[in-house]
Amino acid sequence: MIGSDKAEDMIERVTEIYVAVFPMPVSDDRMAEVILAGFKKNPENPNTSIVRATVETHVNAVDNLVALCDEIVDEQKEIASYRLLKFDQDGIHTLNPDDFRIFEQGFGNVRWNLC
């Protein structure tokens, strides 16, 4: 059993990082991929801000990362796309954002019948 003083010493180590990179022009003939982060006012509490970044350290947060990146592409005319990458002990992997999208489609007036 771990004593209460030892519990504070335990750290969950990062073993993988999920990153979205966006192509941005750096000159007339060169592009570079960049990682974005930003903040905006919290609409529910105007005295605070919401910080959002395109880096996550846990796979369960990647769906939110993809939703944020989709929002960035929709709102920023300078940005037309992004790549989703996973960094781990085996290297860099390109992921498909579609695998992490959550569809909020509602099905109204559904009628169940026996077949």
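Please treat every number below as a calculation from the coordinates, not as lab data. This one's a predicted model, so the numbers in the text were calculated from it and none came from an experiment. Virtual Cβ from ideal backbone geometry, glycine too; neighbours counted across all protein chains shown.
Things to note:
- Length gained when the stretch Ile35-Arg13 is fully extended (0.36 nm per residue, less Cα-Cα span): 5.7 nm
- Loop-located trypsin sites (Lys or Arg not before Pro) in the range 30-101, at most 16 other Cβ atoms within 10 Å (DSSP): Lys77, Arg101
- Modelled spin labels at Val51 and Ile79, positioned 7 Å past Cα toward Cβ, are 1.8 nm from each other.
- Within the range 31-80, GluC sites (Glu not before Pro) in DSSP loop having at most 16 other beta-carbon neighbours inside 10 Å: Glu44, Glu78
- For the range 4-81, the alpha-carbon coordinates run over 58, 34, 21 Å along the three principal axes, in decreasing order.
- A protection proxy built from the mean count of other Cβ atoms within 10 Å ranks the segments 89-97, 58-66, most packed first, as 58-66, 89-97.
- Base-10 log of normalised Debye intensity for the range 44-94 (one unit scatterer per alpha-carbon) at q = 0.17, 0.31 Å⁻¹: -0.66, -1.20
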